[in-house]
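The values are calculated or read from the model by the stated rules, or taken from the named source; none is laboratory data. Because the structure is a prediction, the values reported are computed rather than measured. Here the Cβ positions follow ideal geometry from the backbone for every residue, glycine too, while neighbour counts run over all protein chains shown.
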């Protein structure tokens with residue numbers, strides 16, 4: 001069993017919060033993590049993927065969540081959102097922490113039909129597919145390290161471009177990483193099909209599954225590009241409002257993540273065009289029919305896949321980093337851009353460009369330099385992450401760093417056991 005960084009976060013939340021929600025993609029390990037936590041607490045366990053259990057929950061929500069003296073784990077709670085009001089009544093009558101541990105393969109509190117988001121009573125923890133550090137058993141603390149060390153960050157790597165390609169096509173789903181290539185492709189094909197048929201269509205009552213599948217394929221082809229709903233609508237021949245709704249659904253079920261544009265103007269930030277990344281790089285490469293061999297060809301669509309891979313490694317780390325930061329991208333009207341912008345609560349910024357090459361040129365920092373001119377001393381460091389092996393200086397607060405700095409070398413210190 002691979003230890004998860006979310007374990008300690010969930011333990012702490014259950015110690016002081018009445019309702020804890022584990023949100024994340026299907027097959028990302030939510031049930032396994034919940035079982036670890038529940039075993040120690042002697043919790044009761046019910047899953048709403050079971051049809052009779054789901055019918056009982058819908059028929060009598062209050063009776064279903066009636067206190068029984070034990071922590072209650074309810075798996076896939078998005079299938080009966082009516083339970084949340086009943087849970088609210090229980091925890092309002094008794095403020096004891098750790099009463100409910102809920103899991104959901106959709107962002108439960110953002111779902112349509114949820115009457116109350118239980119403010120002040122819940123903590124939501126996002127569980128992504130495995131990070132590279134979780135798979136390797138190494139330190140994946142890049143977010144904290146880069147804000148602490150800035151241009152002093154130094155990392156050397158023995159990974160090659162081919163090694164990074166292998167990691168991209170492998171992805172991070174626990175059920176996929178140990179499979180041979182062909183069996184992994186079958187797993188990922190089934191995963192996307194089941195996600196559309198079971199979650200997206202059933203939960204949202206969408207009738208046109210082929211449109212959704214066509215959109216997913218189109219998004220895979222646009223990894224790392226601005227996400228313009230009008231352009232997608234024109235290409236698919238469906239209304240823009242439908243595309244916008246579908247994008248929201250795909251984000252709710254953790255298939256994609258929209259990365260907003262960075263701006264110091266909050267109004268501009270809210271309306272600017274986002275970029276899209278697939279939560280799992282294995283899914284994205286499989287949708288493009290790309291395996292490790294084909295991605296090694298010079299004409300392969302590696303750039304967008306590698307950028308999405310890096311962005312989602314950082315997104316995973318943001319869920320457990322001590323540094324409270326958000327992730328954006330930077331793009332001017334003239335097309336000057338930086339792939340990733342991290343900004344913390346003190347408005348300090350780390351700017352990142354992702355390159356699939358094993359060498360770096362001064363012009364690769366163009367977008368980072370443009371951003372640095374705008375924010376001055378607020379720039380902590382500008383980094384080009386690349387597939388080479390050494391950290392190289394390119395001027396004041398500018399560094400080229402191997403991509404594997406995201407999951408720094410060296411074994412993690414002993415993890416605390418489940419109390």
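Observations
- Residue list for the stretch 239-267, filter: at pLDDT 90 or above, over 20 Å from the mean Cα position of the chain (by Cα) and not in a helix (DSSP H, G or I): 239
- When residues in the stretch 64-91 are screened for being part of a helix (DSSP H, G or I) and in contact with a helix residue (DSSP H, G or I) (Cβ under 8 Å, 6 or more places away or on another chain), 9 of them pass.
- Selection status of residue 48, buried (at least 22 other Cβ atoms within 10 Å of the Cβ), closer than 26 Å to residue 173 by Cα, touching a helix residue (DSSP H, G or I) at 6+ places or on another chain (Cβ under 8 Å) and at pLDDT 95 or above: no
- Residues of the stretch 278-309 that are buried (at least 24 other Cβ atoms within 10 Å of the Cβ) and farther than 16 Å from residue 173 by Cα: 305, 306, 307.
- No other residue among 308, 282 is outside any loop (DSSP other than H, G, I, E, B), under 24 Å from residue 146 (Cβ atoms), in the same structural domain as residue 343 (by TED's automatic domain parsing) and touching a residue at least 12 places away in the same chain (Cβ under 8 Å) apart from 308.
- Being crowded, with 23+ Cβ neighbours inside 10 Å, more than 30 Å from residue 374 (Cβ to Cβ) and in contact with a helix residue (DSSP H, G or I) (Cβ under 8 Å, 6 or more places away or on another chain) is a condition met by at least one residue of the stretch 255-268.
- Among the numbered conditions (1) at negative phi; (2) touching a residue at least 60 places away in the same chain (Cβ under 8 Å); (3) in the same structural domain as residue 280 (by TED's automatic domain parsing); (4) in contact with a helix residue (DSSP H, G or I) (Cβ under 7 Å, 6 or more places away or on another chain), the only one that residue 144 does not meet is (4).
- Flag for residue 228 being under 20 Å from the mean Cα position of the chain (by Cα), farther than 20 Å from residue 309 by Cβ and modelled with pLDDT under 90: no
- Residue 43 vs. criteria out of contact with any strand residue (DSSP E or B) (no Cβ under 6 Å at 6 or more places or on another chain) and either modelled with pLDDT under 90 or surrounded by fewer than 23 Cβ atoms within 10 Å (Cβ to Cβ) (or both): no
- Taking the numbered list (1) under 17 Å from residue 274 (Cα atoms); (2) in contact with a strand residue (DSSP E or B) (Cβ under 9 Å, 6 or more places away or on another chain); (3) without any contact (Cβ under 8 Å) to a residue 60 or more places away in the chain in turn, residue 379 passes all entries but (1).
- Filtered residues of the stretch 98-112 (kept if out of contact with any helix residue (DSSP H, G or I) (no Cβ under 7 Å at 6 or more places or on another chain) and either in a helix (DSSP H, G or I) or at pLDDT 65 or above (or both)): 109
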